[in-house]
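Take a look at the structure below.
The values are calculated or read from the model by the stated rules, or taken from the named source; none is laboratory data. What you see is a predicted model, and the numbers here were worked out from it, not measured in a lab. Here the Cβ positions follow ideal geometry from the backbone for every residue, glycine too, while neighbour counts run over all protein chains shown. The area values use the complete protein model at the heavy-atom level, side chains included, leaving out ligands, DNA and RNA. Shrake-Rupley method; radii C 1.70, N 1.55, O 1.52, S 1.80 Å.
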Amino acid sequence: MEKIENPFIDNSAFSGVLDKNLKKLEKRLGVLLSIRGKSILIDGPEEKIEFTKYYFDQLKKYEAQGRPLRKEDFSIALDLLEEDSSKGLDKFFPAEPLILSRKSVTPKSLNQQKYIQSIKKNDLVFGIGPAGTGKTYLAMALALSFLQNKMVNRIILTRPAVEAGEKLGFLPGDLQQKINPYLRPLYDALFDLILYEQANNLMEKDIIEIAPLAYMRGRTLNSAFIIMDEAQNTTKEQMKMLLTRTGFGSKLVVTADITQIDLPQPKKSGVLHAMKILSYIKEIAFVRFNEKDVVRHPLVQKIIRAYKKAENIK
């Protein structure tokens with residue numbers, strides 16, 4: 001067991017944030033942590049203890065530079081050090097929170113931070129990863145932030161309706177009512193980020209448009225923030241169609257979970273094809289998420305890990 005001085009003990013805010021992160025950090029670091037007075041006790045394998053001491057030392061140096069540490073930064077800093085511990089935290093600059101009418105949104109992992117930075121820098125970004133990693137939610141938050149700051153004039157949210165043939169025809173209602181179940185996740189993210197009345201007002205004015213992918217054909221989308229969700233279920237033709245709709249002053253974010261392709265021939269997914277033929281274009285960013293980025297119930301991480309293990313055994 002090792003004892004180190006708590007680098008945040010003189011700051012009640014930091015100490016409280018650290019205390020809330022202890023259990024999560026224990027799992028990530030592979031050690032047992034406890035706060036005792038002005039010290040942190042670390043127990044576990046020697047190599048894990050050494051890395052943990054280095055981790056807290058880096059946080060202490062970071063905090064000594066007058067940089068604020070938030071709850072999520074403990075995990076992001078750990079992601080960064082696990083990726084390359086030799087670089088330390090010298091180049092670690094947490095993303096600024098996105099302030100929206102209902103809440104502020106900040107990345108909770110290094111990949112989420114890279115995703116936000118990539119969207120700000122590039123006009124076309126692919127977010128690839130499992131469910132619950134924040135691909136759609138963060139893209140939606142950025143879209144609303146761009147609209148709020150008048151960097152775009154409208155937001156277009158779209159996703160393919162995989163069962164767009166006879167099965168949709170048996171659903172009750174008009175066309176809009178038939179496709180609403182497929183678009184519901186986009187509505188859920190929207191209403192969670194801004195006030196219900198505000199969202200409805202923007203949709204009534206067509207400043208925010210939520211529509212199935214088929215509605216995008218033949219259009220040129222200027223000064224728009226476009227999010228294509230569930231892109232793993234597009235065909236090659238659909239993907240090409242949407243990617244060529246982007247006009248001047250627009251951003252396009254494509255999100256996909258390539259482990260959950262619902263097409264009859266999964267290997268013909270438009271997003272798999274796009275990842276293959278577009279990867280060399282430097283103006284296009286590909287951000288890949290994994291189970292560490294899951295921000296849903298902790299059980300989701302274990303489920304994703306179990307399925308990944310099972311697929312590797314085959």
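Before moving on, here are some points about what is shown:
- All of (1) surrounded by 17 or more Cβ atoms within 10 Å (Cβ to Cβ); (2) touching a residue at least 24 places away in the same chain (Cβ under 8 Å) hold for ALA95 with one exception: (2).
- Among the residues of region 34-57, just one is open to solvent by 40 Å² or more (accessible area, probe 1.4 Å), touching a helix residue (DSSP H, G or I) at 6+ places or on another chain (Cβ under 7 Å) and assigned to a strand (DSSP E or B), namely ILE35.
- Residue match in region 292-304 (condition: at pLDDT 90 or above and open to solvent by 90 Å² or more (accessible area, probe 1.4 Å)): no
- Checking every residue in region 89-97 against the condition of being of a type outside the set (Phe, Trp, Tyr), touching a Leu at 6+ places or on another chain (Cβ under 9 Å) and not in a loop (DSSP other than H, G, I, E, B) gives zero matches.
- Residues within region 254-291 that are of a type outside the set (Phe, Trp, Tyr), closer than 21 Å to TYR115 by Cα, open to solvent by less than 30 Å² (accessible area, probe 1.4 Å) and assigned to a loop (DSSP other than H, G, I, E, B), tallied: 1
- Segments classed as helices (runs of 4 or more DSSP H), wholly inside region 136-204, with at least 3 members that are under 23 Å from ASN233 (Cα atoms) and at pLDDT below 95: 166-169, 175-193
- Within region 58-78, one or more residues are open to solvent by less than 70 Å² (accessible area, probe 1.4 Å), at positive phi and free of Cβ contacts under 8 Å to residues at least 60 places away in the same chain.
- Some residue of region 108-130 being of a type in the set (Ser, Thr, Tyr), modelled with pLDDT under 90 and surrounded by fewer than 20 Cβ atoms within 10 Å (Cβ to Cβ): no
Table: residues versus (1) more than 18 Å from PRO130 (Cα to Cα); (2) touching a residue at least 40 places away in the same chain (Cβ under 8 Å).
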{"position": "LEU193", "(1), (2)": "yes, yes"}
{"position": "TYR196", "(1), (2)": "yes, no"}
{"position": "ILE210", "(1), (2)": "yes, yes"}
{"position": "ARG217", "(1), (2)": "yes, no"}
{"position": "GLU237", "(1), (2)": "yes, no"}
{"position": "LYS251", "(1), (2)": "yes, yes"}
{"position": "MET275", "(1), (2)": "no, yes"}
{"position": "GLU283", "(1), (2)": "yes, yes"}
